[in-house]
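Input: one structure, supplied below.
The values are calculated or read from the model by the stated rules, or taken from the named source; none is laboratory data. Predicted model only: the values in this text are computed from it and were never measured. Here the Cβ is made from the backbone with ideal geometry for all residues, glycine too, and neighbour counts use every protein chain on show.
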Amino acid sequence: MSDNYKFDTLSLHAGHSPDKETGSRAVPIYQTTSYVFKDTEEAAALYNMEIGGHLYSRISNPTVAALEQRLAALEGGVSAIACSSGMAAMHLVVTALCSSGDHIVASSKMYGANINLLQHTMPRFGVTTEFVNPNDPDAIEKAIKPNTKMVFGEVIGNPGLDIMDVPTIAKICKKKGIPLVLDATFNTPFLMQPFNHGANIIIHSLTKWLGGHGIAIGGAIVNGGNFDWGDKEKFPTISGDHFALGGISFWEEFGPAALTMKIRAEGMYNFGPSLSPTNAFYLMQGIETLPLRMKKHMENTHKLLSFLQDHDLVEWVKHPDLETHPDHLVAKKILPKGSGSVIVFGIKGGRKAGQTFIESVQLASHLANVGDAKTLLIHPGSTTHSHLSAKAMKLSGLTEDMIRLSVGLEDIDDIKKDFEKGFRAVSKLMK
Amino acid sequence: MFINFKGAKTYINTGGKNIDVDKTTLCFIHGSGQNHLSFVQQSRYFANKEYSVIVPDLPGHGFSEGVPCVSIKENAEWIYDLVKELKLNDIVYLGHSQGCLTGLELNKNYPKLLKGIIFIAGSNTIPVNQFLIDLASNDFHKAYRMMVTWGHGKDGAMFTGNIPGHSHFGEGFNIMNMNNEKTLKIDLEACNKYDGGTDAAQKIKIPTLAVLAKFDQMTPLKSGKKFIDLLDNCELKILDCGHFLQAERPKELNTFISSYLRKLN
């Protein structure tokens, strides 16, 4: 009988067993482009996806596959594909599901690159998107049209920290026969597994908490295997005859794994956003400690929330675990272990105060990333959104005084001391 | 392909190729609560060689509509009628688990129909615990999970295997979840009730191949070996995996099948 290992064990072991020849305990880095075929018959079978295996590292690689299998295990999916970045993952899903003339319903409160791809790039290829409030299930339902091929959102929105009511939206999607695709980067499978709430496809930026150390860019798509692709008119490139592999139907040949096999045969083969085996190794090293890190991330986050809420120079603090957050009840229901380790807060004194705070802290790093083991900060008003007026920022759901904080794993006393330095500088500025 | 058969929409996977009655047809029959996707790494592999392949979804399984057959005999009759409908005459039968019982019954009732039989994780009897039968009725999702966990060897638990990025547990559960929700209970009861396997095994006159699994908890190796002892001309192969050896050891299994087919022809 197979053991049904638990999350912490899977984080360490899933996707790899020591190989019989070398006994290597760690996952080996297969730094190779290609694989020697036993004979022409095997080569043909691999090219034609008649049997599993590796033929060229643009399409698959044993080290990358170990990472993919670990992700499938942690999310409870059927299969996963790792790729060069979270945005590559997003692009692979959009191009797998949509063709010219198709439509997407997406959250209006998302990471800027996700919005850019759907708002500006995809329309050039005939795929349009209607952006709706992710907290308004009725608006999502109303926005679904006969040519809608996916509903997309972020479980925890970046940077606004809006929480999608995944079970409610999943029910709408199921009723309408549309897959629910979620970016689950901010929650990771440790805090919440979206397939258990009815989602169908998960996208990750592995660069963030899953990798967790700010050393490698990577992305992944995890396929829940729980969506019926049988409607040939709606999903002709999955359930109808496909040009790849001699005109097969991916749905008939691969069933629950159809989407992954299609993305591998078409997306990875034609676009080539492959993940390097060395980066896959780094990302797996990170995943090994994901449960430990996420517990500490959440512990530090909750302590910093109290610290910031009590501070005289903090105008406001936003986090879904606070009762004041508009999505607090949804967060409590679907993210019982915590709603992630990003906090946004406003400093008294506006744009200049925010800038001064950022420039005065020493331990926290000022950069454009989240999910590192180290504490990270950014002040959108003086960096990413410095070109926007106060009014334009408000329209984007941002404010001039807003600081985005990704809480790290340092000793909480040291983080607080560091922040006090920043606040002292702001205090001097205000005098 | 989909056909209307016995008044129900019926799916038959042909490995992405058309059926060619001039070739030897490999007829793959799935086990309890499974469907054609049990043979993902066999169907297209052999269809792209010199064989014609059919992998039907039995009634109520996978993409096939209709009411599941309630007995092994009824399953065997359904398959006999199907191969006649498709006008197949040069047939090698490959059954997995419950599909082995169906193969025994089919050969007993129509001894001239099959040229060869391959038993995959098979036995002449498959008794099923009443707890699992009840669970298949009361909480079929839990029953699926239990069978998928029991059914796989170490590769299942470790999430390793030859298809990159693939989870045996995830795939196994979702394959079962494609079926009519009453199907598993009906299949398990059909296995449990079937007592004609010993007689049917002793009547086999054609050469057979049996591929068993060392860590099979569904049809244990010990039971499989007793079954092989009943067969006159059976080649036995044993793989180091669990019950779902088509998925766990596809390359080795396909090599055994190929070798057997070459000898048969």
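Filter the helices (runs of 4 or more DSSP H) completely within the stretch A:1-75 down to those with at least 1 residues that are more than 16 Å from B:MET158 (Cα to Cα). Don't jump to the end; show me each part of the working.
Working: elements: A:7-13, A:40-47, A:62-75.
Where helices (runs of 4 or more DSSP H) fall fully within the stretch A:1-75 and carry at least 1 residues being more than 16 Å from B:MET158 (Cα to Cα), they are A:40-47.
Another question, then. Considering the stretch A:146-181 alone, what residues qualify as being outside any loop (DSSP other than H, G, I, E, B), closer than 22 Å to A:PRO256 by Cβ and among the small types (Gly, Ala, Ser)?
A:ALA170
Conditions tested, residue by residue: (1) among the hydrophobic types (A, V, I, L, M, F, W, C); (2) surrounded by 17 or more Cβ atoms within 10 Å (Cβ to Cβ); (3) over 17 Å from A:ASP413 (Cβ atoms).
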| site | (1), (2), (3) |
| --- | --- |
| A:SER306 | no, no, no |
| A:ASP321 | no, yes, yes |
| A:HIS325 | no, yes, yes |
| A:LYS337 | no, no, yes |
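Say whether the condition of being part of a helix (DSSP H, G or I), surrounded by 23 or more Cβ atoms within 10 Å (Cβ to Cβ) and touching a Lys or Arg at 6+ places or on another chain (Cβ under 6 Å) is met by at least one residue in the stretch A:97-111.
Yes - at least one qualifying residue is present in the stretch A:97-111.
Also, I was wondering about something else. Residue by residue through the stretch A:300-331, note down the ones that are touching a residue at least 60 places away in the same chain (Cβ under 8 Å) and of a type outside the set (A, V, I, L, M).
Of everything in the stretch A:300-331, those that are touching a residue at least 60 places away in the same chain (Cβ under 8 Å) and of a type outside the set (A, V, I, L, M) turn out to be A:ASN300, A:THR301, A:LYS303, A:PHE307, A:HIS311, A:GLU315, A:LYS318, A:HIS319, A:PRO320, A:HIS325, A:PRO326, A:ASP327.
Then there's this: May I ask you to say which residue of B:ILE238, B:ILE204 is in contact with a strand residue (DSSP E or B) (Cβ under 8 Å, 6 or more places away or on another chain), in a loop (DSSP other than H, G, I, E, B) and of a type in the set (A, V, I, L, M)? Show your work before the answer.
Values: B:ILE238 fails: in a loop (DSSP other than H, G, I, E, B).
Going through B:ILE238, B:ILE204 in turn, just one is in contact with a strand residue (DSSP E or B) (Cβ under 8 Å, 6 or more places away or on another chain), in a loop (DSSP other than H, G, I, E, B) and of a type in the set (A, V, I, L, M): B:ILE204.
Scanning for something polar (S, T, N, Q), touching a helix residue (DSSP H, G or I) at 6+ places or on another chain (Cβ under 6 Å) and over 30 Å from A:PRO167 (Cβ atoms), does the stretch A:384-395 turn up at least one residue?
First pass over the stretch A:384-395, keeping only residues polar (S, T, N, Q): A:384, A:386, A:389.
Add one more test, that the residue is touching a helix residue (DSSP H, G or I) at 6+ places or on another chain (Cβ under 6 Å), and what stays is none.
Checked the stretch A:384-395: no residue is polar (S, T, N, Q), touching a helix residue (DSSP H, G or I) at 6+ places or on another chain (Cβ under 6 Å) and over 30 Å from A:PRO167 (Cβ atoms).
Here's a follow-up. Restricted to the stretch B:158-183, and to residues that are touching a helix residue (DSSP H, G or I) at 6+ places or on another chain (Cβ under 6 Å) and outside any helix (DSSP H, G or I), which residue is farthest from the other protein chains (Cβ to nearest Cβ)?
Once the filter is applied, the top-ranked residue is B:GLU181.
Residues are listed down the side, and each one gets a yes or a no for (1) at pLDDT 95 or above; (2) within 10 Å of chain B (Cβ to nearest Cβ):
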site	(1), (2)
A:ILE217	yes, no
A:ALA220	yes, yes
A:ASP228	yes, yes
A:ILE238	yes, no
A:ASP241	no, yes
A:GLY246	no, yes
A:PHE250	yes, no
A:PRO256	yes, yes
A:MET261	yes, yes
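Considering each of A:ILE215, A:ILE203, A:ILE178 in turn, give the residue that is touching a strand residue (DSSP E or B) at 6+ places or on another chain (Cβ under 8 Å), assigned by TED's automatic domain parsing to the domain that holds A:ALA80, hydrophobic (A, V, I, L, M, F, W, C) and more than 30 Å from B:PHE2 (Cα to Cα). Explain how you work it out, then say what you get.
Working: A:ILE215 fails: touching a strand residue (DSSP E or B) at 6+ places or on another chain (Cβ under 8 Å); A:ILE178 fails: more than 30 Å from B:PHE2 (Cα to Cα).
The conditions single out A:ILE203.
Taking the condition of being more than 10 Å from chain B (Cβ to nearest Cβ), among the charged types (D, E, K, R) and within 16 Å of A:ALA280 (Cβ to Cβ), how many residues in the stretch A:25-80 meet it? Break it down stepwise before answering.
Kept after step one, since they are more than 10 Å from chain B (Cβ to nearest Cβ), are these residues of the stretch A:25-80: A:25-37, A:39-40, A:43, A:46-47, A:55-58, A:63.
Restricting the remaining residues to those that are among the charged types (D, E, K, R) gives A:25, A:39, A:58.
With within 16 Å of A:ALA280 (Cβ to Cβ) added as a condition, the list becomes A:58.
Within the stretch A:25-80, residues that are more than 10 Å from chain B (Cβ to nearest Cβ), among the charged types (D, E, K, R) and within 16 Å of A:ALA280 (Cβ to Cβ) number 1.
Regarding A:THR129, is this residue under 20 Å from A:ILE203 (Cβ atoms), outside any helix (DSSP H, G or I), under 23 Å from the mean Cα position of the chain (by Cα) and not aromatic (Phe, Trp, Tyr)? Explain how you work it out, then say what you get.
On the way: under 20 Å from A:ILE203 (Cβ atoms): yes; outside any helix (DSSP H, G or I): yes; under 23 Å from the mean Cα position of the chain (by Cα): yes; not aromatic (Phe, Trp, Tyr): yes.
The answer is yes for A:THR129.
Just give me the residues in the stretch B:29-43 being in a helix (DSSP H, G or I) and either farther than 25 Å from A:LEU46 by Cβ or hydrophobic (A, V, I, L, M, F, W, C) (or both), in sequence order. So that I can check it myself, show each step before the final result.
First pass over the stretch B:29-43, keeping only residues in a helix (DSSP H, G or I): B:36-43.
Those that are in a helix (DSSP H, G or I) and either farther than 25 Å from A:LEU46 by Cβ or hydrophobic (A, V, I, L, M, F, W, C) (or both): B:LEU37, B:PHE39, B:VAL40.
List pairs: first residue in the stretch A:252-268 and hydroxyl-bearing (Ser, Thr, Tyr), second residue modelled with pLDDT under 95 anywhere in the structure, Cβ distance under 9 angstrom, at least six positions apart or on different chains.
Cβ pairs passing all conditions: none.
Of all residues in the stretch B:188-243, which are touching a His at 6+ places or on another chain (Cβ under 9 Å) and crowded, with 18+ Cβ neighbours inside 10 Å?
B:ALA213, B:PHE215, B:ASP216, B:MET218, B:THR219, B:CYS241, B:GLY242, B:HIS243
Looking at B:ALA121, B:ALA143, can you tell me which residue is away from chain A (no Cβ under 14 Å), over 24 Å from A:ASP19 (Cβ atoms), out of contact with any Pro (no Cβ under 8 Å at 6 or more places or on another chain) and crowded, with 24+ Cβ neighbours inside 10 Å?
Residue meeting the stated conditions: B:ALA121.
Just name the residue that is nearest to the chain's Cα centre (by Cα) out of those in the stretch A:193-207 that are buried (at least 24 other Cβ atoms within 10 Å of the Cβ) and assigned to a loop (DSSP other than H, G, I, E, B).
My answer is A:LEU206.
While we're on this one: Counting just the residues of the stretch A:2-17 that are more than 10 Å from every other protein chain (Cβ to nearest Cβ) and of a type outside the set (S, T, N, Q), which one comes out surrounded by the fewest Cβ atoms within 10 Å (Cβ to Cβ)?
A:LYS6
Right, something else. Output the residues belonging to the stretch B:1-28 that are of a type outside the set (S, T, N, Q) and part of a strand (DSSP E or B). Talk me through it step by step, then tell me what you get.
Our first condition is that a residue be of a type outside the set (S, T, N, Q); within the stretch B:1-28, this holds for B:1-3, B:5-9, B:11-12, B:15-17, B:19-23, B:26-28.
B:PHE2, B:ILE3, B:PHE5, B:ALA8, B:LYS9, B:TYR11, B:ILE12, B:LEU26, B:CYS27, B:PHE28, listed by residue number.
Okay, next question. Return the residues of the stretch B:105-145 that are over 16 Å from the mean Cα position of the chain (by Cα) and closer than 16 Å to B:VAL83 by Cβ; say none if nothing qualifies.
The answer is B:LYS108, B:ASN109, B:TYR110, B:PRO111, B:LYS112, B:LEU113, B:LYS115.
When the residues of the stretch A:330-352 are narrowed to those that are on the phi > 0 side of the Ramachandran plot and modelled with pLDDT under 95, which ends up nearest to the chain's Cα centre (by Cα)?
First pass over the stretch A:330-352, keeping only residues on the phi > 0 side of the Ramachandran plot: A:338, A:340, A:349-350.
This time we only want the ones that are modelled with pLDDT under 95, so: A:349-350.
Details: A:GLY349: 33, A:GLY350: 31 Å.
If we take residues in the stretch A:330-352 being on the phi > 0 side of the Ramachandran plot and modelled with pLDDT under 95, then A:GLY350 is nearest to the chain's Cα centre (by Cα).
Against the condition within 21 Å of A:ALA184 (Cβ to Cβ), assigned to a helix (DSSP H, G or I) and not charged (D, E, K, R), how does A:LEU259 come out, does it pass?
Working: within 21 Å of A:ALA184 (Cβ to Cβ): yes; assigned to a helix (DSSP H, G or I): yes; not charged (D, E, K, R): yes.
So A:LEU259 fits the description; yes.
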